[in-house]
1. Cα gyration tensor of the stretch 34-89, axes a ≥ b ≥ c as square roots of the eigenvalues: rounded (a/c below 1.5), prolate (a/b > b/c) or oblate?
2. What's the carbon and sulfur percent of the chain's accessible surface, probe 1.4 angstrom, rounded to a whole number?
3. From the backbone phi of the stretch 45-56, what are the Karplus-calculated ³J(HN,Hα) couplings (6.51 cos²θ - 1.76 cosθ + 1.60, θ = phi - 60°) in whole Hz, Gly and Pro given as x?
4. Looking only at Thr40, Thr30, Thr127, which one moves most when the chain is put into a Gaussian network model with springs between Cα atoms under 10 Å?
5. Given a 1.4 angstrom probe, what's the average accessible area per residue across the stretch 32-121, in square angstrom?
6. May I ask you to work out the translational diffusion coefficient for the chain at 20 °C, viscosity 1.002 mPa s, via Stokes-Einstein with Rh from the Kirkwood sum over Cα pairs, reported in whole µm²/s?
7. Note down the magnitude of the dipole of the stretch 34-89 about its Cα centre, charges +1 on Lys and Arg C-beta and -1 on Asp and Glu C-beta and zero elsewhere, to the nearest 20 debye.
8. With springs only between Cα atoms under 10 Å, which of Pro88, Pro27, Pro59 fluctuates most in a Gaussian network model of the chain?
Amino acid sequence: MKIIGLTGGIGSGKSTIARVFRSMGAPIYTADDRAKALYTESQDLKTAVTARFGADVYPNDHFAPAVMASKVFQDEKALADLNALVHPLVKEDFSSWLKDQNAPYVIREAAILFESGSHLDCHEVITVEANEDERIRRVMKRDGVSEEQVRSRMDKQWSDPERAAMATHVIVNNPRSLVLKRCYDLHEHFVELREAAKV
Ligand code: ATP
């Protein structure tokens, strides 16, 4: 089974594009959602996070994403430490999820696919791009946040050219882009990849 990574900056439309591939039958693994779930599901992660960041990350024994985010937002070392705790578990979780899938290819969606090194486990990688103004407008509308808040999140991520340099495929998701046709063509390509591997 082929593993196709899917990434892109905030508001580029990764999750929207993932839904298009899902509609064509591709199983989707959403690394960000699974990472969030693992804070609660994995006792090992809970113990390690509490030891490194303090018990207030789990007030009343429930994971508090906002408290966790506040601890790593302006602290690169803390963020690196957190990623070092979370990523091995996400990797393991993905492997066990993969065993249950039966399709020519699966999509592994992650905002920090390259930054976390997860692209190394993918056969090919798609990065989704959109104009900066468009991305800001989308996230302001979706999350009810200010332009400054979107820009401050954006500034912490890789740029589109940095992601494109590492990706196998780029999907441009601007208002008038022919996104569905592009996704369909890529779908055909991924199915052929798997067929070619059988010969
Ligand atoms: P994040 O990294 O913040 O999770 P994302 O890259 O996964 O973002 P989406 O959540 O897919 O992005 O899209 C952001 C918002 O923009 C959503 O509200 C989505 O409905 C909207 N959107 C995505 N693509 C388009 C498009 N081509 N035209 C109009 N709106 C779009």
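1. oblate
2. 53
3. Working through the residues one at a time gives 5, 4, 5, 5, 5, 5, 5, 7, 10, x, 5, 5 Hz.
4. Among Thr40, Thr30, Thr127, the largest mean-square fluctuation in the Gaussian network model of the chain belongs to Thr40.
5. With all protein chains present, the stretch 32-121 gives 55 Å² per residue.
6. Numbers: Rh = 18.0 Å.
It diffuses with D of about 119 µm²/s by this estimate.
7. 80
8. Between Pro88, Pro27, Pro59, it is Pro59 that shows the largest mean-square fluctuation.
The values are calculated or read from the model by the stated rules, or taken from the named source; none is laboratory data. Predicted model only: the values in this text are computed from it and were never measured. Neighbour counts run over all protein chains shown; Cβ positions are idealised from the backbone, glycine included. Ligands, DNA and RNA are excluded from the accessible area calculation, which covers all protein heavy atoms including side chains. Shrake-Rupley method; radii C 1.70, N 1.55, O 1.52, S 1.80 Å.
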